[in-house]
1. Tell me whether region 372-386 contains one or more residues that are under 21 Å from M223 (Cα atoms), modelled with pLDDT of 95 or more, touching a helix residue (DSSP H, G or I) at 6+ places or on another chain (Cβ under 8 Å) and buried (at least 19 other Cβ atoms within 10 Å of the Cβ).
2. I need a count of the residues in region 41-72 that are in a helix (DSSP H, G or I) and farther than 20 Å from T284 by Cβ.
3. Of all residues in region 164-191, which are part of a helix (DSSP H, G or I) and small (G, A, S)?
4. Taking A331, is it of a type outside the set (V, I, T), over 16 Å from P236 (Cα atoms) and in contact (Cβ under 8 Å) with a residue 60 or more places away in the chain?
5. Taking region 134-171 as the search range and keeping residues that are under 15 Å from A271 (Cβ atoms) and of a type in the set (G, A, S), which one is surrounded by the fewest Cβ atoms within 10 Å (Cβ to Cβ)?
6. Report yes if N147 is in a helix (DSSP H, G or I) and not aromatic (F, W, Y), otherwise no.
7. With the structure loaded, tell me whether K219 is among the charged types (D, E, K, R), farther than 25 Å from G368 by Cβ and surrounded by 24 or more Cβ atoms within 10 Å (Cβ to Cβ) or whether it fails that test.
8. I'd like to verify a number: residues in region 73-96 that are part of a helix (DSSP H, G or I) and not aromatic (F, W, Y), how many?
Amino acid sequence: MYRHHALWAIITALSIPASASVVPRQAPACDAPPASYAAVTEPGLPDPWKFVSGKAVATAEDFACRQAEMSRIMQQFELGDLPPPPDSLTATLSGTSMSLVIKVGSNSKTISVSITKPSSPGTSGGPAMIGVGGANIPVPSGMGRINFGNDACAAQQNPNSHGSGWFFDLHGKSHSAGATLAWAWCVGRIIDGLEQLGAAKTGIDPKRLGVTGCSRNGKGAFMVGAFEKRIALTIPQESGSGGAASWRVSDSEYAKGKNIQRAAQIVRENAWFSPRFVTYVNKTDTIPEDHHFLAALVAPRGLFVIENDIDWLGPVSTTVAMKAGRMIYEALGVKANMGFSLVGGHSHCSFPSASSADLTSYINRFLGGSATATNDVEKSKATVVIDDWIKSWSAAPKGINLAA
């Protein structure tokens, strides 16, 4: 059967970046998870280095298990449940159109995906960028492209959109997943199709896939990278609250008079998050997670986060959360695998030319097969005191080096 063990929905393996791909490690044996996780009282960013049980993260295997726990917690409190892969999937290719026949239980959907093949794929295929609703970054000419129609997968017109789209046709209208997590599942099916067809037909190497999107679709791109482990490089652009920003810090900025998107507003705007999240949007300090956990879930794979200095997007909030994310990468021995760039001074979703060299370094490293290290990028126009938000963190583990 095509359906994997339930652990797939948690985490199947810890992966390390190689010169041109992501190499899987054997999945660790983790302690059995509890049935659910309790709310907390935590004004700062929750500790990535300590399990809910109180156990400290000390080894690479521990971190993989902590990633699994972070994934479950985020699903429980704000995202909804990530289903396992479907019971069956059959892929065919006609010209530049890939057709997927997907079956979950008694439900079946046929999906078409537009593919632009790399210009020089070679025998093993070339890299490709998946655009969540399109791409606003300058994708290198000659690179393959896959246009993911995320609205068709899970609609995002308004809060009442929940339950609309082919994800819900397969899993049921009342499924708990918000649109952004549903998109991650749907992208996984595209990757299934690429793997099934093979590089000789598609021209695409499924081990060299990037994902990007801007604004609302940037939130989705971050979710795709965090929950779909076959993505080699994640590039969320101006994702703001619900993406690169911290719920807690956004609430703090709002209390200071900033015009910033926060949890209590976002659930009234659209169906990006699970209906479960409504319970917590006015008390985000009670959820045992925040969005630095998204960076932790992408680690140690490539992650380049592009933000802006527009108040609504939360420049202080994104800077705090992504500084915390880079601290996690650094403790894992792969600091340069994650970059954060907030140069500002440009319109929303307009890619800043000042970030071109940094973006190119990440694309070359994780998609282009270059052995050259990425630029060590941490740029922000926002001034923050990160220690104010990580006071409760345990000491980072010593001796973990996922680059080894």
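The values are calculated or read from the model by the stated rules, or taken from the named source; none is laboratory data. Everything numeric in this text was worked out from a predicted model, so none of it was measured. Every residue, glycine as well, gets a Cβ built from its backbone with ideal geometry; the counts of neighbours run over all protein chains shown.
1. no
2. Of the residues in that region, 9 qualify.
3. Of everything in region 164-191, those that are part of a helix (DSSP H, G or I) and small (G, A, S) turn out to be A179, A182, A184, G188.
4. Working: of a type outside the set (V, I, T): yes; over 16 Å from P236 (Cα atoms): yes; in contact (Cβ under 8 Å) with a residue 60 or more places away in the chain: yes.
Against the criterion (of a type outside the set (V, I, T), over 16 Å from P236 (Cα atoms) and in contact (Cβ under 8 Å) with a residue 60 or more places away in the chain), A331 qualifies.
5. A152
6. On the way: in a helix (DSSP H, G or I): no; not aromatic (F, W, Y): yes.
Spelling it out, it is not the case that N147 is in a helix (DSSP H, G or I) and not aromatic (F, W, Y).
7. Details: among the charged types (D, E, K, R): yes; farther than 25 Å from G368 by Cβ: yes; surrounded by 24 or more Cβ atoms within 10 Å (Cβ to Cβ): yes.
Yes, satisfied.
8. Taking region 73-96 as the starting set, the residues that turn out to be part of a helix (DSSP H, G or I) are 73-79.
Next, from what is left, pick out any that are not aromatic (F, W, Y): 73-76, 78-79.
Adding up the residues that qualify gives 6.
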